[in-house]
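Everything on this sheet refers to the single structure shown next.
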Amino acid sequence: MMGPEIDVGALSQLSSENLRVVLRKIPGSKDLIIEQKLMKPLDKIAGMNLIKSCGVDKVFKLEAKRPDSVASTKVYLLTPDLEITKKVCNHLNTSVSSNASSTNVETKNNHSTCHLIFLPKILRQSEIILEEEGLHGKVILHSYMWEAIPLDYNLLSLELPLAFTDLYASGDLSQLSIISQSLSGIQALFGKI
């Protein structure tokens with residue numbers, strides 16, 4: 001016998017509202033640079049209309065080459081993966097050095113800010129990399145965690161790209177707190193599980 005039908009779409013709504021809150025904390029217009037493996041799950045919870053409504057002008061895929069962003073505020077959405085964090089640091093250090101070597105007065109007066117939104121949370125290892133690269137304190141850090149993403153009416157996924165390797169290959173238990181928070185959120189929305 002099956003239990004009562006539940007609307008798992010509420011999880012997507014909660015995730016999109018949480019993303020809206022994080023993006024709106026960042027004032028003004030901004031460009032969003034997204035780690036590639038986060039694009040599909042992000043599309044399931046937040047379409048371009050929602051992202052644009054939060055002041056995002058352009059969206060770029062995170063690649064080795066720095067995007068041709070002209071916005072004064074750049075927002076990176078990334079996992080706390082060491083390689084990805086180093087890639088973002090390279091973007092930012094390239095941006096800082098190109099601005100410092102520029103002789104254009106307009107460019108020097110144009111103060112740009114950078115925000116890093118870590119999904120699911122900011123890890124100490126990412127802060128250490130930022131410190132080593134001379135960027136700690138120069139970028140503003142945020143964390144964002146989406147709720148379990150409905151893949152079907154009875155199938156949910158956390159879409160945490162690093163969870164399996166962190167837990168089983170590296171023995172890193174830092175992802176367990178995220179999993180337990182998600183289960184608590186599901187229970188708060190739908191009752192005891």
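Can you show me the helix-derived [θ] at 222 nm for the chain, built from DSSP H runs with n ≥ 4 at -39,500 (n - 2.57) apiece and divided by the number of residues, rounded to the nearest 500. Here the helix-only value at 222 nm equals -12500 deg cm²/dmol. Annotation: for a label point projected 7 angstrom from Cα along Cα→Cβ of Q36, residues of segment 54-71 with backbone N closer than 13 Å are 61-65.
List the residue ranges in the chain for DSSP H helices whose C-alpha atoms run 20 angstrom or more along the long axis and whose Kyte-Doolittle average is 1.0 or above. Mind showing how you got there, number by number?
Values: long enough: 9-24 (22 Å, 0.19); 82-101 (28 Å, -0.24); 176-190 (21 Å, 1.26).
Membrane-span-like by this rule: 176-190.
On the basis of the beta-carbon distance and an R0 of 30 Å, Q13 and S180 show a calculated FRET efficiency of 0.90.
Using the Cβ atoms and a cut-off under 11 Å, what net charge is assigned to the surroundings of I129, where Lys and Arg are +1 and Asp and Glu are -1?
Values: positive: K86, K87, R124; negative: D81, E83, E127, E131, E132, E133.
That works out to -3.
Computing FRET efficiency as 1/(1 + (r/R0)^6) for I128 and A169, where r is the C-beta to C-beta distance and R0 is 22 Å, gives about 0.60.
Projecting the Cα positions of L155, S174, H136 onto the charge dipole of the chain (unit charges on Cβ atoms of Lys, Arg, Asp and Glu, taken about the Cα centre) puts H136 furthest along the positive direction.
Assuming charge only on the beta carbon of Lys and Arg (+1) and of Asp and Glu (-1), the dipole of segment 41-96 about its Cα centre is about 60 debye to the nearest 20. Value of Rg to Rh for segment 1-100, rounded to two decimals, is 1.08; Kirkwood radius and Rg both from alpha-carbon coordinates. Only one of the listed values, (1) 16.7; (2) 17.4; (3) 18.1, was derived from the coordinates as Kirkwood radius over Cα pairs in Å; which label is it? Recomputing Kirkwood radius over Cα pairs in Å here picks out (3). For every other residue with a beta carbon closer than 13 angstrom to the beta carbon of D57, add +1 if it is Lys or Arg and -1 if Asp or Glu, then tell me the sum. Local charge sum for D57: +2.
Subtracting the Cα-Cα distance of I140 and I6 from 0.36 nm times their residue separation leaves 44.4 nm of extension gain. Entry note: segment 1-50 has Rg to Rh equal to 1.12, where both radii use alpha-carbon atoms and Rh is the Kirkwood radius. When +1 charges are put on Lys and Arg Cβ atoms and -1 charges on Asp and Glu Cβ atoms, the dipole computed for the chain relative to its Cα centre reaches about 500 debye.
Taking +1 at the Cβ of each Lys and Arg and -1 at the Cβ of each Asp and Glu, which of N49, T73, F190 sits farthest along the dipole of the chain towards its positive end, judged by Cα position relative to the Cα centre? Positive-end residue among those listed: T73. Distance from the alpha carbon centroid of segment 139-193 to that of segment 1-63 works out to 16 angstrom.
For the chain, the residue among M145, P120, N93 whose Cα projects farthest onto the positive side of the dipole built from Cβ charges is N93.
Read-outs: derived from the displayed coordinates by stated rules, not from any lab. Quick caveat, the model's predicted, so the values are computed rather than measured. Because the Cβ atoms are built from the backbone with ideal geometry, glycine has one as well, and the counts that use them run over all protein chains shown.
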